[in-house]
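What follows is a set of notes on a single structure, which appears directly below.
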Amino acid sequence: MGESSNATGEKAKVYEVDELLKNLKLHGEELNEVILGQEEVRRWPAVKWLAAGKILTGKPYSMQPLKNTLMAAWSPAQDVTFHELGTNLFVLQAHYLGDWKRIMEDGPWLFRGCALMTEPFDGATIMPKIIPSGVEVWAQIHRIPPLFRKKEVIEQLAQRVGKFLAADGVAVQTRTGVFHRVRVKLDSSKPLTRFVPLTLEGSERMFLQVQYEKLPKYCEHCGLMGHTYLECGTGEHGEDERQFGPWMISEEMYWKPGTPGVRARFTTRDG
Ligand SMILES: [Zn+2]
């Protein structure tokens, strides 16, 4: 966990519990565990609206500015509490269903251009079992031929972009054709998908363009989210080495109506 400052400003070492347990011999009452029955625990009300959170960035940050940015974007009806668990890992808890739904479903939420990643957490372990690693976004699949504009085809195409969550249902008309909007969870360890191939058996393969609505910071060199091409490797990437670019982002006029924080991203320093 690194270091923290004590009252005199000196750096004090923070001891990791796992490291201590490896070397210490526990005795007596220290080994006499408190046992809770499954039945008993099942009768308790579930801990509500709790999620593990992580920011998709390699850079250090402090919790207070993070909390300020997110609270300003969410404008929750009740307070949302944050508890740090370690470096770039925290637990957040909403206290009102409407706030919870907004936090979990209306993202991506950005902090300094980087995405907040969340996973529901049941609160039954010291550390969450699932560490957040995905970013939910709206993506558009463009110019699907009319014959293939079927729910099952759109879902399969969406699975090539990320984990399919929902389809918007209606086709949206633009100046250059029609697109279908899908909600997907992007895997933060994989480059962004620019095209999805579609082939009718015996016919030529078609490449359907994917565009994204509100997207966090991404790299035009390697296509990963969380850094820019200037922060990738040595940062020296010529135009021809930049395989990803702003053409992957949909014009804002075609974003899903009601996407929160659309303007805020460009007008606030942290948004
Ligand atoms: Zn990169």
Notebook entry, point to check: On the given criteria, is residue 240 over 27 Å from residue 112 (Cβ atoms) and within 16 Å of the ligand (Cβ to nearest atom)?
Noted result: yes
Next item on the list: Working only within segment 171-192, note down all residues that are without any contact (Cβ under 8 Å) to a residue 60 or more places away in the chain and open to solvent by less than 30 Å² (accessible area, probe 1.4 Å).
Entry: 177, 178, 180, 182, 183, 184, 186, 192
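In contact (Cβ under 8 Å) with a residue 40 or more places away in the chain and among the aromatic types (Phe, Trp, Tyr): which single residue out of 212, 218, 229 fits that description?
212
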Note to self: Within segment 203-221, take every residue that is part of a loop (DSSP other than H, G, I, E, B) and in contact with a His (Cβ under 9 Å, 6 or more places away or on another chain) and give me the one that is farthest from the ligand (Cβ to nearest atom).
What the structure shows: 217
Note to self: Return the residues of segment 15-70 that are open to solvent by 100 Å² or more (accessible area, probe 1.4 Å) and hydroxyl-bearing (Ser, Thr, Tyr); say none if nothing qualifies.
What the structure shows: 15
Next item on the list: Enumerate the helices (runs of 4 or more DSSP H) found wholly within segment 3-116, keeping only those where 2 or more residues are in contact with a Lys or Arg (Cβ under 9 Å, 6 or more places away or on another chain), not assigned by TED's automatic domain parsing to the domain that holds residue 232 and not small (Gly, Ala, Ser).
Entry: 63-74, 97-105
Check: Taking into account only those residues within segment 206-229 that are open to solvent by 10 Å² or more (accessible area, probe 1.4 Å) and closer than 16 Å to residue 183 by Cβ, which is modelled with the lowest pLDDT?
Finding: 214
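The values are calculated or read from the model by the stated rules, or taken from the named source; none is laboratory data. Because the structure is a prediction, the values reported are computed rather than measured. Neighbour counts run over all protein chains shown; Cβ positions are idealised from the backbone, glycine included. The protein model used for the area step is the full one, side chains on, heavy atoms only, and it has no ligands, DNA or RNA in it. Shrake-Rupley method; radii C 1.70, N 1.55, O 1.52, S 1.80 Å.
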